[in-house]
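The values are calculated or read from the model by the stated rules, or taken from the named source; none is laboratory data. Not measured: the values here are computed from a predicted model. FYI the Cβ positions are ideal-geometry reconstructions off the backbone, even for glycines, and counts take in every protein chain you see.
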Number of protein chains: 4
Amino acid sequence: MTTYSKDNRCRLLVQCPDGPGIVSAISTFLLEHGANIIESNQYSSDPEHGTFFMRIEFYCADLDDKRSALESDFIQLAERFSMEYRFAYHWETKRTAIFVSKDSHCLLELLWEWQSGDLETDITCVISNHDDARELVESMGIPFHHIPANKDIRQQAEAEQIRLMEEYDVDVLVLARYMQILTPDFVARFQDRIINIHHSFLPAFVGAKPYERAYERGVKLIGATSHYVTNELDEGPIIEQDIERVDHRDHVADLKKIGRKVERRVLARAVKWHLEDRVIVEDNKTIVFR
Amino acid sequence: MTTYSKDNRCRLLVQCPDGPGIVSAISTFLLEHGANIIESNQYSSDPEHGTFFMRIEFYCADLDDKRSALESDFIQLAERFSMEYRFAYHWETKRTAIFVSKDSHCLLELLWEWQSGDLETDITCVISNHDDARELVESMGIPFHHIPANKDIRQQAEAEQIRLMEEYDVDVLVLARYMQILTPDFVARFQDRIINIHHSFLPAFVGAKPYERAYERGVKLIGATSHYVTNELDEGPIIEQDIERVDHRDHVADLKKIGRKVERRVLARAVKWHLEDRVIVEDNKTIVFR
Amino acid sequence: MTTYSKDNRCRLLVQCPDGPGIVSAISTFLLEHGANIIESNQYSSDPEHGTFFMRIEFYCADLDDKRSALESDFIQLAERFSMEYRFAYHWETKRTAIFVSKDSHCLLELLWEWQSGDLETDITCVISNHDDARELVESMGIPFHHIPANKDIRQQAEAEQIRLMEEYDVDVLVLARYMQILTPDFVARFQDRIINIHHSFLPAFVGAKPYERAYERGVKLIGATSHYVTNELDEGPIIEQDIERVDHRDHVADLKKIGRKVERRVLARAVKWHLEDRVIVEDNKTIVFR
Amino acid sequence: MTTYSKDNRCRLLVQCPDGPGIVSAISTFLLEHGANIIESNQYSSDPEHGTFFMRIEFYCADLDDKRSALESDFIQLAERFSMEYRFAYHWETKRTAIFVSKDSHCLLELLWEWQSGDLETDITCVISNHDDARELVESMGIPFHHIPANKDIRQQAEAEQIRLMEEYDVDVLVLARYMQILTPDFVARFQDRIINIHHSFLPAFVGAKPYERAYERGVKLIGATSHYVTNELDEGPIIEQDIERVDHRDHVADLKKIGRKVERRVLARAVKWHLEDRVIVEDNKTIVFR
């Protein structure tokens, strides 16, 4: 679509109380700093008293040199509109860690998307409470860490996980069917940065054994939900959901097989959008600028 | 597809403990009585100790004359396999009553489908706790009955409804967004014959105000569910479900608009399948032979 | 979502060669004229040498009074960027004529959406080469005109149609399964304003009898396509498409029944988006700002 | 669903002129030979003068011992109804060869499904006109053969491929984005056993560069089609199709990325159904007993 080199691209994420003049101020600021808008999305929860959200992708020649001027000049504008904001440079590739338990289909999907160049990220490591995926992961040149985990050793497992997150300087944690509960401390440390895949169409079948319960209930569609992890089980902000049709002939094992296909495509989409800074969390919901 | 006249068509519905010889016995019986199988579906919940279900549509010349022989001869076969069964003749068109409150989109969809010849039924009457739909319904030559209903006059409203169901000799009651609770007595009287549309993807958002709660939860898909009514609110056997994609820009009013489209197509499908004897209730679930 | 009254809302549609400063100029212009942006979409076919497209919905107190100043002040800005542009005021409701032949399902869908308040339009009249839909249309208070049409009397039929379009001051012509070919003269007169529904997933099955040919080919999905009419048969810019699953049991009559459901929802969406000024034609394709 | 061991399961595939008594004869035959029907599907192209198709999955204790009696006894029945038929025993696992060119996404999907136990097959080898996939394939213990191929050396490439098909005793050839034309001789040798994935919603965009042409046409959905290969390019019997939504922002590269997801799921479904003997070719169409 464009010949603009990645090195000179950046995303500006903004949120502030809605009011007149925000778009004018931001677009004029970018113009004056020699930046061209490539893609722009905005949303206001309510034009009168709501919150305004914006995602602008722009191109700017010699961006690396201009960066500090750009950022320091923006401070005044941001103060004027009481903005929270962030410049996300293309060269600051987000660093991802994938957590997995026994089922590897979601892990595989992410690795494949990453290999195909569809995920803007460095996959720094894979962490699992089982050793099953080691060979696969290491064959792709990605470090694999087996950290046993269960209720009794949660504390020490998380301590080790946190140590690794720091060592690898991780930005995003993807729970690709990681079947362990995380403590509030752990969750708080990575707020809005832990992405989970739940194997049901939330809020249906919150908690354990959703396919078994979907079978019991006799639903005609099964789903999967990707969401940010909060301390309320399966209650975090939803990023993406999808479903697949089933019928009376499908027993629990069939639902699980069919469900695997939904889970992996839902998680892959959610992770992709997060990595492209398209997801904004507001009030336990998400705005997704697609 | 076939030139067989409707007058000589019949559906045989069977369910019995699974075991050897059932299909052989039924198909041989039909052969010996000069009946040709047009369509056949079967399902066994478990081939060893489960229940066997079958729906056969057959053609038989001079069916009206042969009917009594067919039925009396079948008794012996049915006893041998401990069958529950039913012969549904094409000429015995099911008689439907539609219940509606203020929102008329589901009513309209059913009336259109019926006018287009897609619903095998006589629509005997429309019953509403509001008078809004009268003109529309009566313009199509269908009797309309306004029966006010609320918590305080439920008993007498249902008495009047039951009287009408008897007067019109109704087989199927369709709740096309009828927003009144039915009493256990009423439900028991029409077991597996009351079809409801619930405006959510059950079991998510059981009960009142599902769109409001879907908005609160920030779901990315909204759904609708058609099910038989039981005395557990929104817990009856599910016949059909479908969904539509929404996003952060869709407020409650938008969800309702989008939801209307899902509701009407889900209810229309469920009613169609019921009328064609494609739905079998077993153990609070449905088998749908499509 | 907002309490802004409709009377003070307007959409600005812009397209121009892409280049720096366009968003800044437009948003600053609106700010200086007291207008608040409610919704904004933009797209550039190529940020370097492409065309820039924008749709802004804004609110402005006392818009009716300010209108002439707004429009005359914008001329200078438009010239600077070589813009084509249009102000579309909410009070200037588009005037629609629906053309239909025998099949009324698409007509019915549009009338119902319109009655529900989902289509921002005045339906000025329905024109048909058959008389079948008269009663339905007139019962809703809409004028119905029966204009016989076929190859031999095309000229005079179109003359009468054009006379009515002028009399009713029509902006949009919707061909809701209108099965007559239009002449190049007629099409030229209403460029990018005639919306057709074709009963196939274009470009598959261009031309006549698409369901018959879909059946012959043994496809597993059937579709419908809504597009602007051009003089290349079924080759105009596509606005919307959708599909429905079919299988080997579905004969031509079944495909037609299933297809009706796809046709009506595809046409209704396309018409809705057109009426909301969300569709821009560029180079025989459409940009749809949803 | 059942505890019946795989060793005692078999599928009987039958097709014959439709007429009275077929189901009775087959089901009685199975009963008399001690076989229990697990799953049964039937279809008649026309109950009066059409062709009858049946797929029965049955269980029979000591099937291996009874096999020859079963088959020889069936001959008489088959002759009576002029049947074509086939017994497909579960222990006769079909042997698959996968052909691939540069794009490996469809290959990967098939290998995963196979590893997960979702494909009833032995993957005997992967054949490619490029060497890229060698490491991946060999790491899974599957032989990989690099056979360069192009217009000029087609004859000798196919000779080598045929030699390998014989050596590996291959039943099914899957073209998982294999971008070489096959000669009529090659196709004839493996009639109804070569499954291709075409990267468009056939019959739209037959031939080369479908995504480029989809982009040019401005379609709003892109699709993929899996079909048996015949000597008419992209005109063979369609097994499965699916689509994904796109919009004006998606350039050719985006369509290809999105298309990859559709291609792999469509091909995986088609191959799965073929391996389970659910697909019957009739008159350049398929009957798929799902």
Legend entry - D:K256 being assigned to a helix (DSSP H, G or I), out of contact with any Phe, Trp or Tyr (no Cβ under 7 Å at 6 or more places or on another chain) and more than 13 Å from chain C (Cβ to nearest Cβ): no
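So that you can scan it fast, the table gives a plain yes or no per residue for (1) out of contact with any Gly (no Cβ under 9 Å at 6 or more places or on another chain); (2) part of a loop (DSSP other than H, G, I, E, B); (3) surrounded by 17 or more Cβ atoms within 10 Å (Cβ to Cβ); (4) not assigned by TED's automatic domain parsing to the domain that holds C:F99:
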| residue | (1), (2), (3), (4) |
| --- | --- |
| C:V170 | yes, yes, yes, no |
| C:V174 | yes, no, yes, no |
| C:L182 | yes, yes, yes, no |
| C:N196 | no, no, yes, no |
| C:L202 | no, yes, yes, no |
| C:E212 | yes, no, no, no |
| C:T230 | no, yes, yes, no |
| C:L233 | no, yes, no, no |
Legend entry - Selection count, region A:105-120, where residues are assigned to a loop (DSSP other than H, G, I, E, B) and within 11 Å of chain D (Cβ to nearest Cβ): 3
Inset, instruction - With respect to A:A88, determine if the residue is aliphatic (A, V, I, L, M), in contact (Cβ under 8 Å) with a residue 12 or more places away in the chain and touching a Lys or Arg at 6+ places or on another chain (Cβ under 6 Å). - result: yes
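Residue check: is A:R67 part of a strand (DSSP E or B) and of a type outside the set (V, I, T)? Lay out the reasoning, then the answer.
Details: part of a strand (DSSP E or B): no; of a type outside the set (V, I, T): yes.
No; evaluated as a whole, the condition is false for this residue.
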Inset, instruction - Could you figure out which of (1) in a helix (DSSP H, G or I); (2) in the same structural domain as B:Q15 (by TED's automatic domain parsing) isn't true of B:Q156? - result: (2)
Legend entry - Meets criteria (surrounded by fewer than 20 Cβ atoms within 10 Å (Cβ to Cβ), modelled with pLDDT of 95 or more and under 24 Å from A:R264 (Cβ atoms)) for D:I123: no
Inset, instruction - Identify all residues within region C:121-136 that are touching a residue at least 12 places away in the same chain (Cβ under 8 Å) and within 13 Å of chain B (Cβ to nearest Cβ); write none if there are none. - result: C:D132, C:A133, C:L136
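What number of residues within region A:84-102 satisfy the criterion of being more than 14 Å from the chain's Cα centre (by Cα) and surrounded by fewer than 21 Cβ atoms within 10 Å (Cβ to Cβ)? Steps first, please.
Keep residues of region A:84-102 that are more than 14 Å from the chain's Cα centre (by Cα), which gives A:84-92, A:100-102.
Those still in the list that are surrounded by fewer than 21 Cβ atoms within 10 Å (Cβ to Cβ) too: A:84-92, A:101-102.
Residues meeting the conditions: 11.
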Legend entry - Qualifying residue in region C:83-102 (condition: under 17 Å from C:A176 (Cα atoms), in the same structural domain as C:L173 (by TED's automatic domain parsing) and part of a loop (DSSP other than H, G, I, E, B)): yes
Legend entry - Answer residue from region D:259-269, given it is facing another protein chain (nearest Cβ under 10 Å) and hydrophobic (A, V, I, L, M, F, W, C) and is surrounded by the most Cβ atoms within 10 Å (Cβ to Cβ) among those: D:V266
Inset, instruction - Kindly indicate the residue of region B:218-245 that is aliphatic (A, V, I, L, M) and closer than 20 Å to A:P203 by Cβ and also farthest from the other protein chains (Cβ to nearest Cβ) among those meeting that condition. - result: B:L233
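Kindly check whether there is at least one residue in region B:155-174 that is farther than 19 Å from B:T96 by Cβ and without any contact (Cβ under 8 Å) to a residue 24 or more places away in the chain. It would help to see each step written out before you state the result.
The initial filter retains those residues of region B:155-174 that are farther than 19 Å from B:T96 by Cβ, namely B:155-157, B:159.
Among the residues that remain, those that are also without any contact (Cβ under 8 Å) to a residue 24 or more places away in the chain are: B:156, B:159.
Scanning region B:155-174, I find at least one residue that is farther than 19 Å from B:T96 by Cβ and without any contact (Cβ under 8 Å) to a residue 24 or more places away in the chain, so the answer is yes.
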Legend entry - Failed criterion for D:Y59 (all others in (1) surrounded by 17 or more Cβ atoms within 10 Å (Cβ to Cβ); (2) within 13 Å of D:I22 (Cα to Cα); (3) in contact (Cβ under 8 Å) with a residue 40 or more places away in the chain; (4) of a type outside the set (D, E) hold): (2)
Legend entry - Number of the condition not met by A:R80 [criteria: (1) among the basic types (K, R); (2) farther than 30 Å from A:A133 by Cβ; (3) away from chain C (no Cβ under 14 Å)]: (3)
Legend entry - Within region A:9-64, strands (runs of 3 or more DSSP E) holding 3 or more residues that are at the interface with chain C (Cβ under 9 Å from one of its Cβ atoms) and touching a strand residue (DSSP E or B) at 6+ places or on another chain (Cβ under 7 Å): A:35-44
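Could we say that A:A204 is aliphatic (A, V, I, L, M), touching a Phe, Trp or Tyr at 6+ places or on another chain (Cβ under 9 Å) and at pLDDT 95 or above here? Full working, then the answer.
On the way: aliphatic (A, V, I, L, M): yes; touching a Phe, Trp or Tyr at 6+ places or on another chain (Cβ under 9 Å): yes; at pLDDT 95 or above: yes.
Answer is yes for this residue.
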Inset, instruction - Could you grab me the full set of residues in region B:3-42 that are exposed (fewer than 15 other Cβ atoms within 10 Å of the Cβ) and within 19 Å of D:G21 (Cβ to Cβ)? - result: B:E32
